[in-house]
Amino acid sequence: MGFRATWHRLALAFRRLSSPRPSLAGVPGRPRRAATRLRAIVLVALAAVLLGGCSLAYPAAGGTVQGQDIRSLYDILLIPVVVIFVLVEGLLVWALLRYRGRRANLPHQTHGNNLLEITWTVIPTLIVLVVFALSMQTLGKVDAKSSDPALVVDVTGKQWFWDFSYPVQKVTVSGAGQEPVIDLPVGETILIRLHSDNVIHSFYVPGFLFKRDVIPGLGNQFDINITTPGIYRGQCAEFCGFGHADMRFSIQAVSQAEFASWIAGQQAAAAATPTPAPSLAAGATTLSVSASTTTGFEQSSLSVAAGKPFAVAFDDKEAGVPHDFAIKDSSGKVLFNTRIITGPASETATAPALPAGTYTFFCQVHPNMQGTLTVQ
């Protein structure tokens, strides 16, 4: 049963429960009261099912030491919230059932009860003070910073992707044109330093129960201690422009030995000699492509000869905005791309020979910028 159908049945049951019923002469009242109680039980059960589904969207526990402190605070705050909810809703349901249909005979009215007014003022005040004290205590733990972290990671929010840099290990993982996946060790103190060179972003990892703004010109940093191995998805939680939805990343929490192996692999890949570009024959085709502020790519369609390498002269005219030129086939596999440059700047690169067919050229930084490349 879908949410809408369940909600409809819940509303219908409540309407039947709260509507006045005419008295029937000669019919005992006990069966009617039993039916009313049965409907009330069904109503509460349906509400429990609906509310129970809401908890599925939240992680069972934080994946870091700091996240577990936050989760403990959530659990403590849940107790007074549930008590207040049950008390208020219970009194509301009781009043609806007890006094339904009595328009002329109002219940006894009480005015000027000082004890009652003091009680409902003092109790909420005490609850707020306790919640404030517990929140400040948890905030102090979460914001505590180590003077000697085992690992430092610089995270830079761009338009619209994330770059992750390990300055000591000299490793960089870029999210340009892809969803970056980085490894972090379990059981170590990790210092995360946040940067932005454009607009405000938000570094959010739901599995860590943690979110922190990334503000241009203001370095934000925090420590994390991951406790549970696994994959944690992250995203930007602050609307930052057209490509906001593409700002996703993944963190693989692994053992220290696995992390050391991953770092070694990244360093080896960075030090490897790049594959030389194919040589161009005399008179080879040169594609002139440019990106502008108003239209993205100024060219919507391009064409080259099949089976022959060709040159791409790419001109990024947008000041302060990074772009590149990439080609992919119908399966989405990227066959060629220039370097990412920030305008105003230009880049000329040699593309490999392609078989005849229709391809898509696009910007890996801004995947919405696309055009058609015909090879024939």
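The values are calculated or read from the model by the stated rules, or taken from the named source; none is laboratory data. No experiment lies behind these values; they were computed from the predicted model shown. Cβ atoms come from the backbone with ideal geometry, glycine included; neighbour counts cover every protein chain shown.
Points worth noting:
- Test for A176: is it surrounded by 17 or more Cβ atoms within 10 Å (Cβ to Cβ) and over 21 Å from C363 (Cα atoms): no
- The range 142-166 residues that are in contact (Cβ under 8 Å) with a residue 60 or more places away in the chain, paired with ones that are aromatic (F, W, Y) (beta carbon under 8 Å, 6 or more apart): V142/F210; V142/F222; D143/F222; K145/F222; G157/F203; W160/F242; W162/F249; F164/F249
This table checks each residue for (1) without any contact (Cβ under 8 Å) to a residue 60 or more places away in the chain; (2) under 32 Å from the mean Cα position of the chain (by Cα).
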residue	(1), (2)
S290	yes, no
A326	no, yes
S330	yes, yes
L335	yes, yes
T338	yes, yes
G357	yes, no
P367	no, yes
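- When T372 is tested against (1) among the polar types (S, T, N, Q); (2) surrounded by fewer than 19 Cβ atoms within 10 Å (Cβ to Cβ); (3) part of a loop (DSSP other than H, G, I, E, B), exactly one condition is not met: (3).
Yes/no matrix, rows are residues, columns are (1) without any contact (Cβ under 8 Å) to a residue 40 or more places away in the chain; (2) loosely packed, with under 14 Cβ neighbours inside 10 Å; (3) closer than 22 Å to Q68 by Cβ; (4) of a type outside the set (D, E):
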position: G217; (1), (2), (3), (4): yes, yes, no, yes
position: I226; (1), (2), (3), (4): no, no, yes, yes
position: S255; (1), (2), (3), (4): no, yes, yes, yes
position: E258; (1), (2), (3), (4): no, no, no, no
position: W262; (1), (2), (3), (4): no, no, no, yes
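- Any hit, the range 243-250, residues being within 16 Å of F203 (Cα to Cα), among the hydrophobic types (A, V, I, L, M, F, W, C) and surrounded by fewer than 14 Cβ atoms within 10 Å (Cβ to Cβ): yes
- Output for the range 290-314, where each listed residue is surrounded by fewer than 20 Cβ atoms within 10 Å (Cβ to Cβ), at pLDDT 85 or above and assigned to a strand (DSSP E or B): S290, S301, S303, A311, A313
- Scanning the range 189-215 for residues that are buried (at least 21 other Cβ atoms within 10 Å of the Cβ) and in a loop (DSSP other than H, G, I, E, B) yields one hit, L209.
- Qualifying positions in the range 222-263 - in contact with a Lys or Arg (Cβ under 6 Å, 6 or more places away or on another chain) and of a type in the set (G, A, S): A237, S250
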